[in-house]
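The values are calculated or read from the model by the stated rules, or taken from the named source; none is laboratory data. Keep in mind it's a predicted model, so treat the numbers as computed, not measured. Methodologically, a virtual Cβ is constructed for each residue, glycine included, from the backbone with ideal geometry; neighbour enumeration extends over all protein chains shown. Side chains included, ligands, DNA and RNA excluded: accessible areas come from the protein's heavy atoms. Shrake-Rupley method; radii C 1.70, N 1.55, O 1.52, S 1.80 Å.
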Amino acid sequence: MPAKPKRPQRKPRRTKTAVSRRRGTTARARSTTARSGKRRATPAVAKSRVPAVITAPQADAESAVPFETALTLATDHSPDDLELTPVAPRTVPVLPIRHTVLFPFAILPLSVGREKNLRLLNDVMAGDRVIAVFAQRDPGVEDPGPADLYSVGTLAVVLRMVKLPDQRVSILVRGTARVHLDSLLQRDPYLAARVAPISEADSSDLETEALANALITEFERIVTISQSLPVEAVVAAKNQGAPGRLTDFMASLLELPTPEKQNLLEMVSVKERLRTLNGVLAHQRQVVEMGQQIQESVRESIDERQKEFLLRQQLEAIQKELGEGDETQRQITEIKERIEKAQMPAEVRREADRELARLARMPVQAAEFTVARTYLEWLCDMPWAVATDDNLDLKNVRKVLDEDHYGLDKIKERILEFLAVRRYKKDARTPILCFAGPPGTGKTSLGMSIARALGRKFVRQSLGGVRDEAEIRGHRRTYIGALPGNIIRGIRRAGSRNPLFMLDEVDKLANDYHGDPSSALLEVLDPEQNHAFMDHYLDVPFDLTQVMFITTANYLDPVPPALRDRMEVIELSGYTDREKLSIARLHIIPRVTRENGLEVLKLQITDDGILKVIHSYTGEAGLRNLTREIANLLRRTAKLIAEGGSPPLTIDAERVRELLGPEKFQLEQATRIDTPGAALGLAWTPFGGEVLTVEATYMPGSKGLTLTGQLGEVMRESAAAALSYVRSNAVALGIDPTFYESTDLHVHLPAAAIPKDGPSAGITLCTALVSLLTGRKVRPSIAMTGEISLLGRVLAVGGLKEKILAAHRAGIKTVILPAENQRDIEEVPIEVRTHMIFAPVDRIDQVLGLALEDPPPAPIEVASAGEESQGDPRGPGPDPTPAPTSIETESIVARGRKGPG
Ligand SMILES: Nc1ncnc2c1ncn2[C@@H]1O[C@H](COP(=O)(O)OP(=O)(O)O)[C@@H](O)[C@H]1O
Ligand SMILES: [Mg+2]
């Protein structure tokens, strides 16, 4: 038996139990019994005196009062009180009952109303009070005969009788023994029969004990989970003693249909009764548990809803308290005011009013409400009527441009010209300005400067990676999370309808299956169309004619021709070291100092220090890395000071090395050529000019030409042309004319150049090949650019200025270039020009004469035919170097001979 802590035997209280099903009694009756239950405080009262408060259950004559009362009474008696009348076959009056069964040892209150039964009670109360109680098979029968009664009943003693006002009586009976109805002796004036006791098969073996324990345990469980059964019921069950009595106690407590109860009464075997009851209780427990679960879930859902309801009510109350009143109304009033203030054009105003009316019909909580409100906010926020006045005083513009930018004289001139036209013709259809050049050359900052000079708002929108038309023109409002495109967003950010709008990186505009953003951009920039620019989200026209668009690009090749046509291109080609030094001194250092709040430290960088940064830590046309490294220098020094150190406040070249670490660029390294087969070319890239090394090598094979590196189609053609030239002029060049029969060639261009740049590597490729095949090295410090024709002519190429600047940066002294490009040299800043030698050429043999070292002194087999042409170089090498040592010569010659051979 589970060790349930023994509780003090409390006064039984009224319980409404799940086990009870006698609902026939009315509420009044129940409450009365409840009271009576409470009143049965002492066993003394319970013993025999009839409590006046017990009133009859009204409807059901001869039926039981609720189970609670029975329990109450049962527990009021000690088992001794219930000592049985010795039982032998005897004749007794029979009380038929309708809706229940009386068990031995049980005490049952009954309400009696039938005429015969009242007479019976009258008689027995005067005598020994012993009766036999039999249940009716059919409760509807008024005057039951022997066939209407079950044949097994209970011998009982009437403990009390109370007369009720309505002629009925209420009695309390106690069962004493099972009896069998042997024969009915009389039907009138009431039933009487001969009954014989039934002795139960009570066994006291282990199984019975176990079954009894199990029954109590099960019962205990029910009591624990059911809030309606009193714990006293368990105590009472445990006190029943013999298993037979326990079963009868339990059977009379349980809520069971009469036939089942009767069945239990008729069971002679105690074990069988125990088994049946165990089954019934297990079932009951499940029912109770399930009932609880159901109640629980019902309660939870009710709680949830109640909580929400309460919170909403509170929220409303709070809003009312705060004077927020009706939220929808408040928001609508607010937007209405904003619409009034926005000074929209009539057409837009109509759309706004229409949307507002729609909004007013929606609940605030609706998702649609937010969508509509956001749209209206966009309409209100657009600067329909806000504009700045242009300050077209060109002197002022010049002053501002000079303040912000060092040098760039030609570019500033162009900008001023551009603005001058605007000054005289306000609505002039001036083309869109486009600043093209390598990164960090001041394109964006020039735009900002112009905006500042004119007194316009400045907005910048990068088009880099824009691949979707919708990014320019917005998504339709029907899309979830739709927004206006870049243009409208930019205008709102500017807060003025005539800002200077910089469209950065037009060359990075992507173009794929998402739609063509460049055509949308075309519309933005087209003065014929942009007076009524339609953004998909805004869905009303916005006038862009007052916006001043400036675009920027690194290079113009990828820009669609239609777009390029619309733009006036101003090229920025990068700065010389001297310019960079001045810009660093005048602009970058003061600005970085200011931005980092380092003025107090009075840090300085010497010219040598700046040049060291330019040469060894940045390899660029623009100023990006220079700006970054200068900031690093200043910040690192400031950090050291903050940490309590005392680093030098003036940063010289040596200190630069200490602060920035190992050099990232080493001029000599990049331009040192020390094997035959390598030559320096000059390339143009979107990031400025670049020096690149062309390398050629060969191996045994037959007639193969492999090209690797960054090569476009044009570059392959150049290489093929160069090779054809070499083969057709082999003898003159001192090369075995049959070399190609048994040789594979491999040419590699390591550094990046854009495909367009292909032809300009022609003479470099050719030089590298001849160098390889003759074993003559290229002289140091020479770089070249130029296209080669099949017949050995050198043709003009582009990007000369950037290329020369790059060569200068790399420390190249001599640049070989096509004679046709000679005039481009004038574009190059004078300070660069004075430090370099330019060698304009028409023919490739001139190039070879200038670039290649003199032929080795030792005669070689095939050299005799070529000696002629090598003997008359068209010009002397501008920077001749000493002849290679004999060991080198030997090995080169050996290689040169072996290869072609
Ligand atoms: N001529 C110049 N004078 C002074 N500062 C310059 C000059 N050119 C560029 N800068 C500065 O160099 C930095 C990079 O310029 P930026 O306009 O961002 O280059 P880009 O847009 O061409 O990539 C900016 O801080 C800019 O102010
Ligand atoms: Mg920029």
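Points to keep in mind about this one:
- Test: residue in region 660-682 that is over 27 Å from Gly811 (Cα atoms) and among the small types (Gly, Ala, Ser): no
- Tallying residues that are away from ligand 2 (no atom under 16 Å from the Cβ), of a type in the set (A, V, I, L, M, F, W, C), open to solvent by less than 40 Å² (accessible area, probe 1.4 Å) and closer than 20 Å to Val386 by Cα within region 533-563 yields 7.
- Checking His475 against (1) open to solvent by less than 20 Å² (accessible area, probe 1.4 Å); (2) touching a Leu at 6+ places or on another chain (Cβ under 8 Å), the condition it does not meet: (1)
- Residue list for region 429-454, restricted to those being modelled with pLDDT of 90 or more, open to solvent by 20 Å² or more (accessible area, probe 1.4 Å) and more than 13 Å from ligand 2 (Cβ to nearest atom): Arg452
- Hits in region 503-525 (condition: at pLDDT 85 or above and either of a type in the set (Gly, Ala, Ser) or away from ligand 1 (no atom under 16 Å from the Cβ) (or both)): Ala520, Leu521, Leu522, Glu523, Val524, Leu525
- Evaluation of Arg497 against (1) in a helix (DSSP H, G or I); (2) in contact (Cβ under 8 Å) with a residue 12 or more places away in the chain; (3) open to solvent by 60 Å² or more (accessible area, probe 1.4 Å) (one fails), failing number: (1)
- Cross-chain or 6+ apart pairs with Cβ under 6 Å, region 111-124 first and under 15 Å from Leu159 (Cα atoms), then of a type in the set (S, T, N, Q) and assigned to a strand (DSSP E or B): Ser111/Ser170
- Of the helices (runs of 4 or more DSSP H) lying entirely inside region 169-258, those containing at least 1 residues that are under 30 Å from Leu95 (Cα atoms) and touching a strand residue (DSSP E or B) at 6+ places or on another chain (Cβ under 9 Å) are 243-253.
- Matching entry among Gln262, Gln286 (being within 51 Å of the chain's Cα centre (by Cα) and modelled with pLDDT of 80 or more): Gln286
- When Leu749, Leu733 are checked against the criterion of being of a type outside the set (Val, Ile, Thr), crowded, with 16+ Cβ neighbours inside 10 Å and over 57 Å from the mean Cα position of the chain (by Cα), a single residue qualifies: Leu733.
- Being touching a residue at least 24 places away in the same chain (Cβ under 8 Å) and crowded, with 19+ Cβ neighbours inside 10 Å holds for only one residue in Val386, Val397, and it is Val397.
- Odd one out for Arg398 among (1) more than 30 Å from Ile335 (Cβ to Cβ); (2) charged (D, E, K, R); (3) out of contact with any Leu (no Cβ under 7 Å at 6 or more places or on another chain); (4) at pLDDT 90 or above: (3)
- When the residues of region 597-613 are filtered to those that are within 10 Å of Val656 (Cβ to Cβ) and not charged (D, E, K, R), the one that is nearest to the chain's Cα centre (by Cα) is Val613.
- Which numbered condition Tyr406 misses (of (1) farther than 25 Å from Phe533 by Cα; (2) more than 13 Å from ligand 1 (Cβ to nearest atom); (3) open to solvent by 20 Å² or more (accessible area, probe 1.4 Å)): (2)
- Condition met for Leu185 (open to solvent by less than 40 Å² (accessible area, probe 1.4 Å), within 30 Å of Pro96 (Cα to Cα) and out of contact with any helix residue (DSSP H, G or I) (no Cβ under 6 Å at 6 or more places or on another chain)): no
- Selection of region 761-779 for residues being under 59 Å from the mean Cα position of the chain (by Cα) and either under 19 Å from Pro737 (Cβ atoms) or surrounded by fewer than 24 Cβ atoms within 10 Å (Cβ to Cβ) (or both) yields Cys766, Leu769, Leu772.
Yes/no per residue for (1) within 13 Å of ligand 1 (Cβ to nearest atom); (2) in contact with a Phe, Trp or Tyr (Cβ under 9 Å, 6 or more places away or on another chain); (3) closer than 30 Å to Glu690 by Cα:
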{"position": "Leu416", "(1), (2), (3)": "no, no, no"}
{"position": "Tyr424", "(1), (2), (3)": "no, no, no"}
{"position": "Gly442", "(1), (2), (3)": "yes, yes, yes"}
{"position": "Leu446", "(1), (2), (3)": "yes, yes, yes"}
{"position": "Arg452", "(1), (2), (3)": "yes, yes, no"}
{"position": "Ser462", "(1), (2), (3)": "yes, no, yes"}
{"position": "Glu469", "(1), (2), (3)": "no, no, no"}
{"position": "Ala482", "(1), (2), (3)": "no, yes, no"}
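Conditions tested, residue by residue: (1) farther than 25 Å from Val280 by Cβ; (2) out of contact with any Leu (no Cβ under 6 Å at 6 or more places or on another chain); (3) open to solvent by 40 Å² or more (accessible area, probe 1.4 Å).
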| position | (1), (2), (3) |
| --- | --- |
| Glu142 | yes, yes, yes |
| Gly145 | yes, yes, no |
| Arg160 | yes, no, no |
| Val173 | no, no, no |
| Pro197 | yes, yes, yes |
| Ser204 | no, yes, yes |
| Ile216 | no, yes, no |
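- Pairing residues of region 673-701 that are closer than 19 Å to Ile782 by Cα with residues that are among the acidic types (Asp, Glu) and open to solvent by 40 Å² or more (accessible area, probe 1.4 Å), at Cβ distances under 8 Å and at least 6 apart in sequence or on separate chains, gives Gly677/Glu695; Ala678/Glu695; Leu682/Glu690; Ala683/Glu690; Trp684/Glu690.
- Scanning region 104-137 for residues that are part of a helix (DSSP H, G or I), open to solvent by 50 Å² or more (accessible area, probe 1.4 Å) and farther than 23 Å from Pro89 by Cβ yields Glu115, Arg119, Asn122, Ala126.
- Search result, residues across region 510-529 that are under 30 Å from Asp389 (Cβ atoms), open to solvent by 10 Å² or more (accessible area, probe 1.4 Å) and either touching a Leu at 6+ places or on another chain (Cβ under 8 Å) or of a type in the set (Gly, Ala, Ser) (or both): Leu522
- The lone criterion from (1) in contact (Cβ under 8 Å) with a residue 12 or more places away in the chain; (2) surrounded by fewer than 18 Cβ atoms within 10 Å (Cβ to Cβ); (3) farther than 28 Å from Ala387 by Cβ left unmet by Asp507 is number (2).
Rundown of residues vs (1) under 30 Å from Leu500 (Cβ atoms); (2) open to solvent by 80 Å² or more (accessible area, probe 1.4 Å); (3) touching a strand residue (DSSP E or B) at 6+ places or on another chain (Cβ under 7 Å), yes/no style:
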residue: Arg338; (1), (2), (3): yes, no, no
residue: Glu347; (1), (2), (3): yes, yes, no
residue: Asp353; (1), (2), (3): no, no, no
residue: Ala357; (1), (2), (3): no, no, no
residue: Glu368; (1), (2), (3): no, yes, no
residue: Cys380; (1), (2), (3): yes, no, no
residue: Asn391; (1), (2), (3): yes, no, no
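- Total residues in region 568-589, condition within 16 Å of ligand 2 (Cβ to nearest atom) and open to solvent by less than 30 Å² (accessible area, probe 1.4 Å): 7
- Residue that is away from ligand 2 (no atom under 16 Å from the Cβ), over 18 Å from Thr444 (Cβ atoms) and not small (Gly, Ala, Ser), where the choices are Glu595, Glu643: Glu643
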